[in-house]
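Computed from the coordinates by the stated procedures, all read-outs in this text should not be read as laboratory data. The shown structure was predicted, so the numbers you read here are calculated from the model rather than taken from an experiment. In this analysis, Cβ positions are derived from the backbone assuming ideal geometry, glycine residues included, and neighbour counts consider all displayed protein chains.
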Amino acid sequence: MISGLPVLLGITILLGVTVSRSLSPLQTERLILRPFERSDAEALFEYQSREDIARYHFWEPRSLEDIHKKLDDWIPMTSLEGEGTCASAICLAEDGRLIGDVSLRVTDAEAGQAEIGFSLNPEFQGCGYAFEAASAYLQFGFEQRKLHRIFGRCDARNTGSWKLMERLGMRREAHFREHALFKGGWDEEFYYAILAREWRSFPDRALQIEAKPALAGGE
């Protein structure tokens, strides 16, 4: 997960957006969140091969071959039907450059529970992009998938990640002390969550989120 980032303007889905449990590309003020493509491998490798990104994940820095294998899993992740998962490339709207990834995984369809995850190329941290992308995914989960609760978790040492979740309005629900062995030591983990009614209670959720048609040829 990623650095804490500046607060964004509030959020409203544009009129005419079809409510769906499948994720079409979403556009915010500065970003396009779209399904993964084979051509994303190099951009993903640029940051997922870094030790500072892998440090707080259960995977080691990834090779280009690892990325190609992971894309086999990520490319089909476009639906939250049942206990499905949506995963998106975070791309700059101005030039299409892939700068990170965000995902939402339904863990209990009947109870409307899901987990959000995100990571960002360090070159683009500190600009509010992670907040913008995560906000769009929270809104998609609550307004279109009609989820009840979305949670996130991170290593307790990953200050940027838990500060971002707090900025999103999520509250810390748990601190698991030495609950697992992680990369040669004890893992300490924070859990954060937010309910749909809590999300809707914030007065400045005004990020413009627009469903965009998929572009021909994967461009």
message: At a 10 angstrom cut-off on C-beta neighbours, averaged per residue, how do the peptides 53-59, 74-80 rank from highest to lowest?
response: 74-80, 53-59
field: Interchain or long-range residues, amide H under 5 Å from A89's placed H
entry: R34, F36
query: Scattering from the C-alpha atoms of the range 116-177 alone, worked out with Debye: what is log10 I(q)/I(0) at q = 0.18 1/Å?
result: -0.69
query: Given a Förster distance of 25 angstrom, what is the FRET efficiency for E94 paired with E37, based on the Cβ-Cβ distance and rounded to 0.05?
result: 0.85
field: Residue-wise HN-Hα coupling along the range 170-180, computed from phi with Karplus coefficients 6.51, -1.76, 1.60 (Hz; x: Gly, Pro)
entry: 7, 10, 6, 9, 7, 10, 8, 8, 6, 8, 7
- line: Diffing the range 102-111: the Karplus 3J(HN,Hα) column from phi (6.51, -1.76, 1.60, θ = phi - 60°), in whole Hz with x for Gly and Pro, holds 9, 9, 9, 10, 6, 9, 8, 5, 5, 8
Amide hydrogen neighbours beyond the local backbone of A156, cut-off 5 Å, H modeled: E188, E189, F190
query: Summing Lys, Arg as +1 and Asp, Glu as -1, what charge do residues with Cβ under 11 Å from the Cβ of G117 carry, G117 excluded?
result: 0
message: Through the Karplus equation 6.51 cos²θ - 1.76 cosθ + 1.60, θ set to phi - 60°, convert the phi angles of the range 78-87 into ³J(HN,Hα) values in whole Hz; use x for Gly and Pro.
response: 10, 9, 9, 4, x, 9, x, 9, 10, 9
query: Ranked highest first by average number of other Cβ atoms within 10 Å, how do 81-91, 63-73 line up?
result: 81-91, 63-73
